[in-house]
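FYI, it's all coordinate maths here, none of it is from the lab. Quick caveat: nothing in here was measured; it's all calculated off a predicted structure. FYI the Cβ positions are ideal-geometry reconstructions off the backbone, even for glycines, and counts take in every protein chain you see.
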Amino acid sequence: MIVLNINKLYAPAIGGVETVVQQLAEGFMLQGHSRVLVVRDGFGFGATEQKNGVIVRRAGSVGRVRSMPVSFSFIYWLWKESKTADVLHVHYPFPLAAFALWLARPKKPLIITWHSSVVRQRLLNFFVQPFVRWTLARAEKIVVTFPNAVSYFKELAPFREKCVVVPLGIDLTKAQSETPNVVFPDRECPTFVFVGRFIYYKGLPELVTAFAAVPRGTLYLVGDGPMRRKIARLIACKGLSARVKIIATRDDKTLRFYLGAADVVVFPSTQPSEVFGLVQLEAMATGKPIINTALPTGVPWVARHEQEALTVPPGDVSALARAVELLGNDAALRARLGQAGRERVAQEFTLANMRAAYYDLYHYVSSQR
C-alpha cells in the first residue's frame, strides 16, 4: 500500500503539523510505502528529495497569500502522484489542497486530518469554503485530534458520522533520551521556558507583561518568527533584559536543551488557532509542569487544570502572573503536576498509538473501495 501525505510544508520541528506529517510518513514506511507532497517554503522551483527513506516532493511556489502557499504546479503533482497512491491523506488547513482535489478528482480513498480551521484569512476562507465542503463530503474519514473538535469546528458538523478522534502522539524514548536534564547555575531562581513560533496567537506579549509583575524567575523564549523584534522591544521597554532571554532558533537539539532546563513550560496561547499544542506533550514526557490557557480547543484537554497544568483564561495577564508566581514558589506542586503529566502522556499520547490508529484507518478506507 502507498500512502500520499499532503501538507503545506515539510520542515519538521517540535510543535508543528509538519512534525505529525513526518511521524506518519516515516512510520508507515515500516508497514507499506509512504510519500509526501508539499509546497516549497518560499519562492522558487520544485524539487524531490528522500528524507529518512520517505520520498518528499516539493512543488514550486510563487509566494504566499496570508501564510498560505500559492503553487500552480502543486495541482499537477497532486494529480500525478495520486495515480500511483492507494490512499490520499490531506492535513488541513491547506485550502490549496482542497482546490487541487476538486480539480484533479482522484478516484482514491481520502482521509483528512482536520488540525484547524482557517482562522484569520476570512476573505480567502470565503472563496475556498465550497471546495473545502466538497473535499469533506468526498472524504471517507475525517480525523480530529481532541474529543470536542467536532462540535467546535462548525465546518465538521454536517460530517459528524465520518469523524474519528486520533490524538497526536510523541516518541517517548526520543523525548526522554534526547532532552537533557540541564541544571542552570542559579537554582534559587526558577526557570520558565516557552518553546514555539513567535506569531500572533502564541501569547508572547501577555507572557512578557505577566513576567514583569513576578519578582523571581528567568524566562527563556525559544524559537523564532515574525514577532521576534516586537517581543525584543517589549522586553527592553519592561526593563526585563536581565531576566527574559530570546533564544532565536528552530534547531531541534537547542529546543530540547531548554525544555530540559525548564522548571515550568509556559504555553500561553491566546487564540483558537492553537488547537492542540504538541509542545505540551514534549514537556509532559520529561516531567515538566505546564501553564496553559483555557482555549475552546484541545489545549486544556491535553494538560488539564490542577492535574498536569495550571490553566488560566487566555489573554489574562494577571492570572498568568499569578500562575507563574505560584509554580515558581512551590516545588512540591511542580513535582506533582510534572509526574502526572509524565503518566498521562505515556498512557494517552504515544507515537505508537497514533501510528497504529492511522495504520488501521488506511487499511479500512482502502478496503471500502
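Here segment 194-235 is scanned for amide nitrogen atoms under 19 Å from the site 7 Å beyond the Cα of Asp251 along Cα-to-Cβ, giving 194-198, 220-225.
Straight-line cross-link partners of Lys230 among the aspartates and glutamates, defined as a Cα under 15 Å from its Cα and at least 8 positions apart when in the same chain: Glu206.
For the cross-link pairs Lys51/Lys80; Lys80/Lys141; Lys162/Lys288; Lys51/Lys245; Lys51/Lys154; Lys80/Lys202, which exceed 31 Å when the distance is taken from alpha carbon to alpha carbon?
Details: Lys51/Lys80 21 Å; Lys80/Lys141 23 Å; Lys162/Lys288 36 Å; Lys51/Lys245 33 Å; Lys51/Lys154 36 Å; Lys80/Lys202 38 Å.
Table pairs above 31 Å Cα-Cα are Lys162/Lys288; Lys51/Lys245; Lys51/Lys154; Lys80/Lys202.
Please label the shape of segment 248-347 as rounded, prolate or oblate, based on the square roots a ≥ b ≥ c of the eigenvalues of the alpha-carbon gyration tensor (a/c under 1.5 means rounded; beyond that, a/b larger than b/c means prolate, else oblate). In terms of gyration-tensor shape, rounded. Between rounded, prolate and oblate, where does segment 172-348 land on the alpha carbon gyration tensor, with a ≥ b ≥ c its root eigenvalues, rounded for a/c under 1.5, else prolate if a/b exceeds b/c? Taking the square roots of the gyration eigenvalues as a ≥ b ≥ c, segment 172-348 is rounded.
Note on Ser241 and Phe72: the extension gain reaches 56.3 nm, defined as 0.36 nm multiplied by sequence separation minus the Cα-Cα distance. Residue exposure proxy: Thr297, Thr191, ordered by other Cβ atoms within 10 angstrom of their Cβ from fewest to most, comes out as Thr191, Thr297.
Using Cβ counts within 10 Å as a stand-in for footprinting exposure, how do Ile6, Ile55 rank, fewest first? Mind showing how you got there, number by number?
Numbers: Ile6 27, Ile55 17.
Exposure proxy ranking, most exposed first: Ile55, Ile6.
For the chain, modelled as a GNM with alpha-carbon contacts under 10 angstrom, which of Ala236, Ala321, Ala100 fluctuates the most? Checking each option, the largest mean-square fluctuation is seen for Ala236.
Restricting to DSSP H runs of at least four residues, report the calculated mean residue ellipticity at 222 nm for the chain, -39500 (n - 2.57) per run over all residues, nearest 500 deg cm²/dmol. Could you put the intermediate results ahead of the total?
Numbers: 14 runs with 148 residues, N = 369.
Value at 222 nm, helices only, nearest 500: -12000 deg cm²/dmol.
Please sort by residue number the GluC sites (Glu not before Pro) in segment 16-62 whose DSSP state is loop and whose Cβ has at most 16 other Cβ atoms within 10 Å.
Details: sites: Glu18, Glu26, Glu49; in loops: none.
For GluC sites (Glu not before Pro) across segment 16-62 that sit outside H, G, I, E and B with at most 16 neighbouring Cβ atoms in 10 Å, the list is empty.
Using only the Cα atoms of segment 163-217, build the gyration tensor, take square roots of its eigenvalues as a ≥ b ≥ c, and label the shape rounded, prolate or oblate: rounded if a/c is under 1.5, else prolate if a/b is larger than b/c, else oblate.
Numbers: a/c = 3.12, a/b = 1.28, b/c = 2.44.
Cα axes put segment 163-217 in the oblate bin.
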